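Take a look at the structure set out below.
A short reminder: the numbers here are calculations on the coordinates, not readings from a lab. All figures in this text were calculated on a predicted structure; none of them were measured in a lab. Cβ coordinates were reconstructed from backbone atoms using ideal geometry, including for glycine residues, and neighbour counts include every protein chain displayed.
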Amino acid sequence: MLFLFSYISLNTASLEELKRIFPKDVADSVYKYRQLRGEFENIYELRKVPGVTDEIFAKVVDSLVLYSPEEIDTVNLGLRISDIISRNVREESPSDMSREYWIFLGGNPINPNKASVYDLMNIYGVSFRDALAVIRWREITKINSLRDLRSAPGLSYFGYRNLRNFVSFREEFKPFGGFVSFYTLTNNHPYDPSSFFASAINQLLDTAISSTKVDLLRQGGWSDASITKLLERLRGEYNDLKLEPRVGYNVRGVFKLYEKFDFGFYRWENYAIYNKFFLGYSSQNLRILVGDYRFSFGNGLIFESSENAGDRVYEKVTGLMPDVVYGQAFKLRGVGIWGNFSNFSPFFLYSRDKKDGVVDTAGRPLFYYSSEFVPRIYSKVIGERIVGSGFSYVNPLGFGFGAMYFQIDYDRPFSGDWGSISIPYYSYTFNNGWHYDPSFKVDTSRKQRYLGFTYMGILGDLELRGDVAGNLDNFIPSYLFIAKWSRGSKTVDLVYRNYSVSYSNPYARPFKEDNRFERTDFRYSYRVLDPLATNLADIPLPKPEEGIFVQVRDRLFQNVIFPRIYLDYWRDKTDGQTNVRLHTELEWRVLWSFRVRLWRRYLDRMDIRYGSPYSSRSVESAIRFFFITDASSIAGVEVRYSEFKAGTLDPSSGTFLSAFYEFPFASGTKVNTGFATWTGGGISLWIFEDDGIDFLYSRGSKAYVSISKSVSQNVYLRFKVRYKKQINDGNSLISATGEPINAGIGKYEYFSANFSVYITF
């Protein structure tokens with residue numbers, strides 16, 4: 001469902017109110033239409049009114065409200081969250097912490113008359129300037145409705161559009177409230193057979209039985225006894241995973257008692273079982289959480305306890321919130337405290353937990369491991385204790401700063417023996433010793449201490465913020481600087497980052513292009529003794545890099561906009577090579593109901609492989625057509641062509657065609673469906689669905705159907721089925737010696753179905 005809010009209520013406005021935005025004769029026509037036919041079901045129904053042309057509709061659509069603020073205040077939680085997440089599933093999608101904050105606010109919407117600066121800023125798309133605008137406005141007048149909120153001087157249109165979904169103006173006491181959600185998933189295969197994980201599993205078996213690799217181990221000096229022990233370990237890991245298809249589910253609940261006390265839980269059961277819980281207390285000046293929680297501070301460089309692996313994300317959440325989402329690797333379990341005393345917010349956190357970890361050939365931990373598929377040898381191999389504290393100060397005039405110190409203590413050190421799990425002669429990272437790649441120079445001590453500073457300020461139309469952080473035992477500062485200039489429809493973002501090689505903070509989640517162990521041997525399962533260790537390539541701490549990112553958004557004309565144009569120029573500090581990414585995007589609104597979007601993406605990368613520079617270049621071009629038929633219906637078609645050239649290899653290309661359609665099927669029911677077909681030619685392609693991103697390899701096709709229904713004001717249901725067929729030719733898996741890797745070759749059919757329920761009270 002698409003909600004449009006602003007100044008005039010379409011269904012209750014008087015004729016005089018309608019004349020404020022419509023020409024006189026058109027206002028009369030709208031008024032008579034409503035008297036004869038009843039209330040408008042959606043904004044787009046206006047186009048059926050005689051005299052409402054596309055030009056008039058485009059001018060008035062942002063000045064109309066379909067539902068009153070009181071009605072919006074009670075919109076079904078499940079529908080609201082589902083709609084917001086689906087509309088934000090894209091390359092620039094919000095962080096995992098933002099989604100967690102949405103879920104928390106779903107059961108506890110904020111009152112803009114009481115919210116802190118951070119409460120407001122934590123909503124994705126709400127800037128520091130927007131938050132201050134709301135706070136200054138409420139000092140002048142009480143904000144009683146969305147109309148009042150929209151009237152706040154200095155509040156941007158985009159800030160308002162993002163705020164409106166998560167606010168409530170109700171003042172009455174509510175002794176009990178909250179929500180419960182249930183989700184279940186079944187499929188014909190335990191994992192997507194086209195994924196990197198599938199390649200690792202197939203390679204796990206291949207490593208255990210391959211005579212070629214056994215010979216390489218012997219040539220590398222391995223004894224028969226050592227080889228036998230390794231093969232036994234790998235077979236044991238495979239058996240531990242129990243990869244038969246099964247039905248998985250999760251259930252979560254978030255509740256509030258007497259406006260001050262919180263409690264909740266989360267349980268995930270599939271190939272792993274996660275149990276989370278929390279108890280909380282909230283007042284005007286204090287927030288306390290006991291149990292499982294998430295914490296974030298600054299702009300991601302200092303601390304963020306999330307699984308977020310997204311790149312080029314710089315809109316971050318700050319503060320303390322319950323942990324009721326998927327993921328175990330970086331959760332906190334203990335006590336978190338956040339104070340709020342006027343402009344000053346002190347905080348404290350304590351966590352103690354056992355963490356899964358990738359282990360070397362001696363069974364010692366190398367680093368964190370994040371996956372639902374955990375063999376026993378990886379399970380809870382290292383104890384972690386975190387103690388941290390700090391403060392934040394925000395001046396209502398437009399300046400803020402803060403600091404945080406935290407210490408991580410492990411019950412045993414990381415081994416640092418990265419090279420021990422490489423296959424002799426297959427590795428380009430470790431052949432000359434692991435010191436070849438500075439990515440692996442992480443802090444392996446049992447005690448690790450970090451210090452960080454954050455700041456933000458407003459200078460006219462310019463918003464500035466940033467972080468400085470470093471490891472106290474070897475303090476070489478890392479920097480993150482963000483500048484945002486906005487005026488009207490024009491926005492320019494600049495991000496500068498400079499991350500030190502010595503800064504290996506496992507809880508750093510800043511803006512980045514690459515994960516720390518990406519583009520090393522851990523991206524290629526056939527290069528390491530234990531293919532499950534390739535999980536390290538997805539651990540989300542940043543690779544040491546220095547770069548400048550510039551992004552521009554603008555509306556050139558009424559019907560022509562630049563949704564986003566960005567350039568990222570950075571240097572990988574592990575090999576000294578420079579890289580360039582350029583993205584251009586143009587949208588032409590031919591009619592209000594018909595839009596065309598063109599985009600082109602260029603990526604030029606340099607690596608040092610096999611001891612010499614290695615270049616790769618990819619270019620993607622796409623055209624997308626959107627057809628908007630009414631407030632709840634939208635259809636689109638996208639055609640994409642990709643080219644890739646790496647080193648001296650022959651260039652490859654890929655094609656992609658997709659279509660989607662969202663439409664109301666019956667009262668309270670919405671259908672979202674789509675299909676795609678592609679030929680990858682060794683290139684990784686991707687598709688954004690209604691609830692996530694799916695990566696596509698080789699060649700194949702897929703289709704999905706999602707049906708959602710609001711059973712009542714308090715109950716929301718969603719059901720989705722997905723089918724994918726993929727034919728892997730093996731072109732994308734070539735070993736270091738040049739022969740094709742048999743893992744992944746073949747035809748796969750993958751079917752999945754999931755069902756979810758949201759209940760609010």
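Tabulated data for the structure shown
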| item | result |
| --- | --- |
| Whichever lysines have a C-alpha closer than 29 Å to that of Lys174, once near sequence neighbours (fewer than 8 apart) are set aside | Lys114, Lys142, Lys256, Lys260, Lys276, Lys709 |
| Inter-part distance where region 453-488 and region 688-726 are each reduced to a Cα centre, Å | 38 |
| Global geometry of region 463-522, whether rounded, prolate or oblate, following the gyration tensor of its Cα atoms and the 1.5 cut on a/c | oblate |
| Within-9-Å neighbourhood charge of Gly125 [Cβ basis; K, R +1; D, E -1] | -1 |
| Loop-resident sites, region 243-314, for GluC sites (Glu not before Pro), counting at most 14 other Cβ within 10 Å (DSSP) | Glu259 |
| Anisotropy class of region 314-359 from Cα gyration tensor, a/c 1.5 cut | prolate |
| Counted charge near Gly398, where neighbours are those whose Cβ lies closer than 11 Å (Asp, Glu -1; Lys, Arg +1) | +1 |
| Summed residue charge, Cβ within 12 Å of Ile623's Cβ, Lys/Arg positive, Asp/Glu negative | +1 |
| In region 334-386, trypsin sites (Lys or Arg not before Pro) in a DSSP loop with at most 13 other beta-carbon atoms within 10 Å | Lys380 |
| For region 220-311: rounded, prolate or oblate by the Cα gyration tensor [a/c cutoff 1.5] | prolate |
